[in-house]
1. So, of the residues in region 40-55 that are under 13 Å from Gln3 (Cα atoms) and among the β-branched types (Val, Ile, Thr), which turns out to be surrounded by the most Cβ atoms within 10 Å (Cβ to Cβ)?
2. Could you tell me whether any residue of region 1-17 is β-branched (Val, Ile, Thr), surrounded by 14 or more Cβ atoms within 10 Å (Cβ to Cβ) and in contact (Cβ under 8 Å) with a residue 40 or more places away in the chain?
3. When you look at Arg37, is it among the charged types (D, E, K, R), loosely packed, with under 13 Cβ neighbours inside 10 Å and in contact (Cβ under 8 Å) with a residue 12 or more places away in the chain, yes or no?
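The values are calculated or read from the model by the stated rules, or taken from the named source; none is laboratory data. For clarity, every value in this text was computed on a predicted model and none was experimentally measured. Counting neighbours? That spans all protein chains shown, and the Cβs are built from the backbone with ideal geometry, glycine included.
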Amino acid sequence: MRQMFEIGDLVRFKPSGIVRSRYNNNKRFGIVVHIDRNVFMSYDGTREDMIEVLWLPWNKRERMMEFYLEPMVEE
């Protein structure tokens, strides 16, 4: 079974439901660079991953729970 994200995936923040302090205009998109699997237990009892993202063009890394993110798709 494929996990929600894999190393190398392009991601962005979900458009809503994110803590305001996480937003930054320099975090336009990111690349998943590290994943710790099954670290958190969600409210519905499923296991969630800790994702480390390299944000571009900011060029800084940030760790967060996977539910903050969504895959980048061509529009």
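1. The qualifying residue surrounded by the most Cβ atoms within 10 Å (Cβ to Cβ) is Ile51.
2. Checking region 1-17: at least one residue is β-branched (Val, Ile, Thr), surrounded by 14 or more Cβ atoms within 10 Å (Cβ to Cβ) and in contact (Cβ under 8 Å) with a residue 40 or more places away in the chain.
3. When the stated conditions are applied, Arg37 passes them.
Yes or no, residue by residue, for (1) within 14 Å of the chain's Cα centre (by Cα); (2) within 18 Å of Lys60 (Cα to Cα); (3) of a type in the set (S, T, N, Q):
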{"site": "Gly8", "(1), (2), (3)": "yes, yes, no"}
{"site": "Arg12", "(1), (2), (3)": "yes, yes, no"}
{"site": "Ser16", "(1), (2), (3)": "yes, no, yes"}
{"site": "Asp36", "(1), (2), (3)": "yes, no, no"}
{"site": "Tyr43", "(1), (2), (3)": "no, no, no"}
{"site": "Asp49", "(1), (2), (3)": "yes, no, no"}
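For (1) assigned to a loop (DSSP other than H, G, I, E, B); (2) over 24 Å from Glu74 (Cα atoms); (3) hydroxyl-bearing (Ser, Thr, Tyr); (4) at pLDDT 95 or above, each residue gets a yes or a no:
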{"residue": "Gly30", "(1), (2), (3), (4)": "no, no, no, yes"}
{"residue": "Val33", "(1), (2), (3), (4)": "no, no, no, yes"}
{"residue": "Phe40", "(1), (2), (3), (4)": "no, yes, no, no"}
{"residue": "Asp44", "(1), (2), (3), (4)": "yes, yes, no, no"}
{"residue": "Glu48", "(1), (2), (3), (4)": "no, yes, no, no"}
{"residue": "Glu52", "(1), (2), (3), (4)": "no, no, no, yes"}
